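Here the structure comes first, spelled out in structure tokens, and everything after it is commentary.
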Amino acid sequence: MACRGFGYAVLSVTFLTCAEEIMSFQHFFQSLAVFQMLHMVMGGVIGASIYTRGLKYYIPDNMARYGAAIDNVAANGMSIPHFMEAFMSQMTEISVKQIYGWAAYACILLFLLFLLYDAPIRRELKQIPSWQKIRKQIMDTFLTKDKTI
């Protein structure tokens with residue numbers, strides 16, 4: 001969830017910066033509406049469909065992998081209905097963990113790709129200061145506040 005929130009924030013700021021430079025004032029709000037519809041509505045639907053597809057794959061796969069335990073329980077004379085209820089909830093939990101594990105891997109990989117990619121927007125479209133200049137400006141504001149106190 002933290003990666004998703006971070007992605008929404010970065011995507012929104014990046015888009016607004018690009019749209020403000022490229023588009024006229026009349027078309028800016030139209031592009032903003034289209035962007036919000038795509039990233040909030042379509043993104044949620046596509047994300048939910050990917051998670052649903054993953055659950056359709058991982059729940060039967062985990063049941064097949066761990067289903068041999070049912071034979072051992074039946075041989076020991078345990079209550080099968082009670083065992084199956086616990087077994088299904090555990091298979092669902094394992095499947096959700098696997099799906100979110102893959103989502104975390106994808107998030108980390110995408111984050112690393114963004115860090116490695118030198119975006120030309122910083123040099124060509126809008127002059128955005130480097131992180132070193134921003135850090136220096138912030139430190140200067142703190143130093144000037146300390147002197148006035």
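The values are calculated or read from the model by the stated rules, or taken from the named source; none is laboratory data. Bear in mind the structure is a predicted one, so any value in this text is a computation, not a measurement. Cβ placement follows ideal geometry from the backbone for every residue including glycine, while neighbour counts extend to all protein chains displayed.
When D146 is tested against (1) modelled with pLDDT of 85 or more; (2) loosely packed, with under 10 Cβ neighbours inside 10 Å, only condition (1) is not met.
Considering G43, G67, the condition of being more than 30 Å from A86 (Cα to Cα) and not acidic (D, E) is satisfied by G43 alone.
Regarding the stretch 34-55, can at least one residue be identified that is over 23 Å from the mean Cα position of the chain (by Cα), in a helix (DSSP H, G or I) and modelled with pLDDT of 80 or more? Please lay out each step first, then the result.
Filtering the stretch 34-55 for residues over 23 Å from the mean Cα position of the chain (by Cα) gives none.
No, every residue in the stretch 34-55 fails to be over 23 Å from the mean Cα position of the chain (by Cα), in a helix (DSSP H, G or I) and modelled with pLDDT of 80 or more.
Within the stretch 96-118, the presence of at least one residue that is out of contact with any Cys (no Cβ under 8 Å at 6 or more places or on another chain), modelled with pLDDT under 80 and not in a helix (DSSP H, G or I) is confirmed.
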